[in-house]
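First comes the structure, then the notes that go with it.
The values are calculated or read from the model by the stated rules, or taken from the named source; none is laboratory data. Note that this is a predicted model, so its numbers are computed, not measured. FYI the Cβ positions are ideal-geometry reconstructions off the backbone, even for glycines, and counts take in every protein chain you see.
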Amino acid sequence: MTEELNLQDYEKLNIQDYDNLPKCTTSKIELRTKGGRKKPTKLKQEIHNLRIKSTHEPQSSISTFDPLDIKIIQFLKKIKGFQDRKHEENSVKAKMRKRLVYGIRETQRDAEAGLIKLVLIASDIENFDVPNLIDSIIQCLISTCNEKRIPLIRASTRKKFSKALSKSGLVSLVGIRDYSGAEVLVNDILELNLIKETAEKQINQESLFA
C-alpha cells in the first residue's frame with residue numbers, strides 16, 4: 001500500500017509548481033561559482049532536470065481522435081469560457097465562485113471541503129519521474145475522491161489541457177467546482193470513461209489467463 005504523503009510535506013512541491021516552471025532550452029543548469037552567482041539548491045536542480053526530460057520526450061501516443069480525449073478538451077474550453085465571461089462581468093464574484101482550479105494543493109483542499117465535483121488528471125503526468133512523490137500525491141487525492149465520491153478521470157495530456165485552458169505552462173491536473181451549463185458533456189465524459197475502464201479491465205483479465 002502506498003504510504004500517504006502529508007499535504008504539508010509537499011506543499012511547496014506540487015504539480016501546479018511544476019506546471020508553472022519556465023521551459024528550459026539547455027540541458028545543463030548554469031551553476032554559480034564562488035564570488036559569482038549561487039549554486040542552485042538540490043530541489044531546483046531536480047525540477048530543472050524534470051523540465052528538460054519533459055521537453056525532450058516524444059509526443060504522447062494518445063490519439064487525437066480519442067472520443068474521451070475530445071470530449072474532455074471541449075468541456076475544459078467551455079468551462080473556461082464560462083469563467084472568463086463571468087470575470088469580465090464581475091471580477092470579484094468570479095474569484096469567489098471559481099468554476100475550476102489548477103494543481104494538486106488547491107484541488108485537494110477543495111475536494112476535502114466538498115467543493116470539487118470532478119477531477120481531471122493528464123495521462124502523461126507520470127513523465128515527472130520523482131520516486132514515490134507523484135504516486136503519493138495522486139494516491140492522497142484518489143483517497144479523498146473515493147471518500148467524497150468525486151469522479152476522477154485520467155485522460156488527454158498536459159499540453160492539451162494547457163491549450164484548452166489558455167495556460168502558458170503545462171497543466172497536469174484540474175479540479176472542477178461548477179460544471180453547470182455543461183452537464184451533457186460531463187455525462188458523455190463519464191459514460192466514455194466507464195467504457196474505457198471496462199475495456200481495460202477486460203484486457204487485463206484476458207492477459208492473466210493468456
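Quick notes on this one:
- Here residue 153 passes the criteria (1) farther than 23 Å from residue 114 by Cα; (2) assigned to a strand (DSSP E or B) except the one numbered (1).
- Whichever residue in the stretch 106-115 is surrounded by fewer than 21 Cβ atoms within 10 Å (Cβ to Cβ) and either within 12 Å of the chain's Cα centre (by Cα) or of a type in the set (Gly, Ala, Ser) (or both) and, among such residues, is nearest to residue 87 (Cα to Cα): 106
- Residue match in the stretch 82-94 (condition: among the small types (Gly, Ala, Ser), buried (at least 20 other Cβ atoms within 10 Å of the Cβ) and not in a loop (DSSP other than H, G, I, E, B)): no
- Residue in the stretch 158-168 that is of a type outside the set (Val, Ile, Thr), farther than 28 Å from residue 93 by Cβ, surrounded by 20 or more Cβ atoms within 10 Å (Cβ to Cβ) and at pLDDT 95 or above present: yes
- Close contacts from the stretch 87-100, counting a first residue that is in contact (Cβ under 8 Å) with a residue 40 or more places away in the chain and a second that is assigned to a helix (DSSP H, G or I) and among the aromatic types (Phe, Trp, Tyr), with Cβ to Cβ under 9 Å and a gap of 6+ residues or different chains, come to 99/82.
- When 159, 196, 117, 163 are checked against the criterion of being in contact with a Phe, Trp or Tyr (Cβ under 9 Å, 6 or more places away or on another chain) and closer than 25 Å to residue 78 by Cα, 117 stands alone in meeting it.
- Residue list for the stretch 84-111, restricted to those being within 15 Å of residue 141 (Cβ to Cβ) and of a type in the set (Ser, Thr, Tyr): 102, 107
- Of all residue pairs spaced 6 or more apart or on separate chains, none has beta-carbon atoms under 8 Å together with a first member in the stretch 110-126 that is within 14 Å of residue 189 (Cα to Cα) and a second member that is part of a strand (DSSP E or B) and among the aromatic types (Phe, Trp, Tyr).
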